[in-house]
Amino acid sequence: MTRTPLAPPHVRGLINLRGQIVTAIDLRRLLEMGEFTEEERPMNVIIRSKDGAISFQVNEIGDVLEVDDSSFEYPPETLKGVARDLIQGACKLKDRLLLILDAEKAVAMASGS
């Protein structure tokens with residue numbers, strides 16, 4: 001990863017993805033959730049948007065899940081800050097909550113559009 005001087009704090013830098021230069025966005029910073037710890041190594045999830053590819057750095061990458069529409073709930077009113085704008089809702093799973101990110105809004109917010 002190559003750092004980008006004068007970039008917003010959520011822009012971690014640029015990565016080379018098979019010859020294509022991609023901006024890496026730290027979702028923890030974008031969602032105002034704090035920093036990755038020294039022990040945590042962020043993982044890159046590549047999103048293809050209308051503006052091209054972008055990398056979201058996340059804590060971990062899990063399984064691909066198919067969820068039932070009936071488990072979807074809109075975000076609670078208590079959700080504050082940037083997360084309120086970017087989280088579309090949540091699905092209740094057996095042992096955890098799956099938050100649904102509006103990827104296009106996140107890309108737009110990260111790029112300042």
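So here's what we get for this one:
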{"item": "Where labels lie 7 Å past Cα in the beta-carbon direction, separation of F72 and I46 in nm", "result": "2.8"}
{"item": "Cross-link partners of K94 among lysines (Cα-Cα below 29 Å; sequence separation of 8 or more within a chain)", "result": "K80, K105"}
{"item": "Length-normalised contact order of the chain in % [C-alpha pairs under 8 Å, at least 6 apart]", "result": "18"}
{"item": "For the chain, fraction of C-alpha pairs farther apart than 21 Å, in %", "result": "42"}
{"item": "Other-chain or far-sequence residues with amide H under 5 Å of I25's (modelled H)", "result": "R12, S55, F56, Q57"}
{"item": "Label point distance in nm, A108-I21, each placed 7 Å from Cα along Cα→Cβ", "result": "2.6"}
{"item": "Contour minus Cα-Cα distance for T37 and V64 (0.36 nm per residue)", "result": "7.2 nm"}
{"item": "Summed side-chain charge close to M109 - residues other than M109 whose Cβ falls under 13 Å, Lys, Arg +1, Asp, Glu -1", "result": "-3"}
{"item": "Proximal aspartates and glutamates to K92, defined as alpha-carbon separation beneath 19 angstrom and excluding residues fewer than eight positions away on the same chain", "result": "E60, D63, E66, D68, D69, E73, E77, D102"}
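Computed from the coordinates by the stated procedures, all read-outs in this text should not be read as laboratory data. This structure is a prediction, so every number in the text was calculated from the model and none was measured. So basically every Cβ, Gly included, is an ideal-geometry build from the backbone, and we count neighbours across all protein chains shown.
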